[in-house]
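Right, one structure below, let's go through it.
Readers should treat all values here as calculations from the given coordinates under stated rules, not as data from a laboratory. Note that the coordinates shown come from a computational prediction; the quantities given were computed from them, not determined experimentally. When we count neighbours, we look across all protein chains shown, and the Cβ atoms used for this are built from the backbone with ideal geometry, even at glycine.
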Amino acid sequence: MATEEPRRDGEEEEGDGADQAGTLNPELLAACMRNDTDAALELIDQGADPCCEDNRQWSPLIWAASHGNASLTRLLIKHNAADVYKYDETVKAKKKHSPLHWAAFKGHLKQLELLMAPPQNLSPHERDAIGNTPLHQAAAGGNLDCAKCIMAQGCDVFAKNDRGHTPYALCTAPEVQQLLQKAMGSMACKATGKQFSSTVLRYLCSWSLDVFCEAAVTQMLVYESPDATEKEKPVTWCNEVRVAIQELEHQLNHSLHLNQLETVTTALAAAGDKPVDSKLVHQVSQVKAKLESEIQLVQGMQVTVITCLDEFGGVHEALTKAIDDAVEKNADPVRVQSAKTLRRKLVSEASLMRCVQGPQKTTPGHIEMLTGLNTVAKAENANEELLVQATKLIAKLTSEAEVKKRIAEAAPLCEISSYKEAEGKEGLPEWSIETEKFEDFHEDYKSVVEAGERDLITESLKLTAFEQLAMMERLLMEKKFGFA
């Protein structure tokens, strides 16, 4: 840039003026020179003047713009640090340079936008110490976006600095040269036919990149991104583009009202990469994602019953993925809850089926586990056929456990062939000593075996039980009536 930057810390400053009052202002300038935002904020809080300057007219705001420090630029603007740089034809003693010039030269688009937006309204026509406009500096710096931004505010592309140079003459970046050449080659407004001059400025349409007179354009602030909280980005649209954007935004709003995937998709496709409201596009995109996730959720809920364990893994994975995506996309809570309910049902069915189809035991722990899984599956309204199968299996295993228990208890007694052999024999069950208790055990044993038959216990177990019952019948008769 044509204006010389101050020397860094440790270098001797030439032409130092009178010492500035106090120590905070020099410290603030030094912090801004280092681009130390935290230190600068602290010094301002302590009372440093945000509008102070050094003897070369470098201010905190110029340093912030030069470094591309958006947060510090915003703060200084709030402290009215930009007011001194506002364009005024009546002011004769102007600044050597301005933050607008430095932002343009360094290619810091955000700082450029902040400085030209209300309430700062720094003029793109302001000239520095040697007559350069911000467009001269943007062209010299070779930043296309900055050049577009300045030209959109209306400018004289043929303006010459004090050395007779136009912006194009200072430019070496081909894409910026091309933009300037196109504007310079347009002699009249594309919409009205009005001839351009030093007073009838060229306004660059931010979208079409054609130039128009002021009467044929609309200037406004828009959101820079969906996350932006304020409209800070200045844009200029020719009337044709403005009408097209308004129509596209109407379609987007209408699609939100209809809440139909086809309409939303069509509206977004029409908007494409056009400069419609970024927040609106983001909102419609979220609705599209939500509707798509709900469709995926419905597809994931197609399988409502697990009939084969081999299919469960894929079904569960697809359904879980659809649920997670639906939750992330804020899908209909009722549909999401239905999907979660179905997932619990399928998981309970798979768990129960795995247990039913696996190796079986008559241990209390295994029966308890199977019973618990069956209870959970019932609570989730699982497949009735599976529940019936599990209930029958539980009954069978329970009966087998009871029969095995009786077999084990009766085994010592059934080893003798005559009750006479029981006299003095150790290890016989207590109930075999008294006839009444013997009869009670025998009747209970028969009842357990009968229940086991109904529950379809294994044939081998049933045969062993029948043999024991027959032996116990003979021993009981012998005990009661005294014959073998």
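Could you pull the Rg and Dmax for the range 108-198, using just the Cα atoms, both in Å?
12.9, 36
Which log10 I(q)/I(0) values does the range 221-324 give at q = 0.13, 0.14, 0.17 Å⁻¹ under the Debye formula, counting every alpha carbon as one identical point scatterer?
Here the Debye-derived log intensity ratios amount to -0.61, -0.66, -0.81.
Under a Cβ-only charge scheme (Lys and Arg +1, Asp and Glu -1), can you give me the dipole magnitude of the range 397-484 about the Cα centre, in debye to the nearest 20?
Value, rounded to 20: 160 debye.
When the helix-only estimate is applied to the chain (DSSP H runs of n ≥ 4, each -39,500 (n - 2.57), divided by the residue count), what is the mean residue ellipticity at 222 nm, nearest 500 deg cm²/dmol?
Calculated at 222 nm, the ellipticity per residue is -18500 deg cm²/dmol.
Find which of GLN153, LEU291, VAL327 sits farthest along the positive direction of the dipole of the chain, computed with +1 on the beta-carbon of Lys and Arg, -1 on that of Asp and Glu, about the Cα centre.
GLN153
Contact order normalised by length for the chain, with contacts defined as Cα pairs under 8 Å and 6 or more residues apart; what percent is it?
Relative contact order of the chain: 7 percent.
Do any cysteines in the chain lack another Cys Cβ under 4.7 Å, and if so which?
CYS32, CYS51, CYS52, CYS146, CYS149, CYS155, CYS171, CYS308, CYS355, CYS414
How far, in nm, would the chain grow between LEU221 and LYS480 when pulled straight, counting 0.36 nm per residue and subtracting the alpha carbon separation?
82.3 nm
Order the peptides 286-296, 54-64 from the highest to the lowest mean number of other Cβ atoms within 10 Å of their residues.
Packing proxy ranking, top to bottom: 54-64, 286-296.
Cβ under 11 Å from GLU232's Cβ, GLU232 left aside: what net charge do those residues give with Lys, Arg +1 and Asp, Glu -1?
+1
For ALA228 and LYS420 in the same chain, what is the full-extension length gain: residue separation times 0.36 nm, less their Cα-Cα distance, in nm?
59.0 nm
How would you rank GLU436, GLU426, GLU27, going from fewest to most other Cβ atoms within 10 Å of each one's own Cβ?
Fewest-to-most Cβ neighbours within 10 Å comes out as GLU426, GLU436, GLU27.
May I ask you to order 233-244, 465-476 by the average number of other C-beta atoms within 10 Å around their residues, highest value first?
Going by the mean number of other Cβ atoms within 10 Å, highest first, we get 233-244, 465-476.
Take peptides 357-365, 105-113, 36-44 and line them up by average Cβ neighbours within 10 Å, highest first, as a rough protection proxy.
The peptides rank, most packed first, as 105-113, 36-44, 357-365.
Strictly greater than 16 Å: what percent of every Cα pair in the range 390-481 meets that?
52
Taking Cα atoms of the chain, Rg/Rh with Kirkwood Rh, to two decimals?
Ratio of gyration radius to Kirkwood radius for the chain: 1.44.
Once Lys and Arg get +1 and Asp and Glu get -1 on their Cβ, which of LEU258, LEU144, SER66 lies farthest toward the positive end of the dipole of the chain?
After comparing all options, I get LEU144.
Is the shape of the range 301-455 best called rounded, prolate or oblate, per the rule: a/c under 1.5 gives rounded, else a/b larger than b/c gives prolate, else oblate, with a ≥ b ≥ c the square roots of the Cα gyration tensor eigenvalues?
prolate
Let me have the relative contact order for the range 390-481, percent, based on Cα pairs under 8 Å that are six or more residues apart.
Relative contact order of the range 390-481: 44 percent.
For ASN330 paired with GLU368, estimate the spin-label separation in nm (one decimal), with each label point 7 Å from Cα along the Cα-to-Cβ line.
Result: 4.8 nm between the two label points.
How high is the relative contact order of the range 301-382, given as a whole-number percent (alpha carbon pairs under 8 Å, six or more residues apart)?
After rounding, I find 36 percent.
How big is the range 301-382 by the Kirkwood estimate over distinct Cα pairs, in Å?
13.7
What does the charge dipole of the chain about its Cα centre add up to, to the nearest 20 debye, if the Cβ of each Lys and Arg holds +1 and the Cβ of each Asp and Glu holds -1?
Charge dipole, the chain, about its Cα centre: 1780 debye, nearest 20.
In this model, which of LYS148/LYS190; LYS160/LYS274; LYS361/LYS446; LYS110/LYS182 are farther than 27 Å apart at the alpha-carbon?
Table pairs above 27 Å Cα-Cα are LYS160/LYS274.
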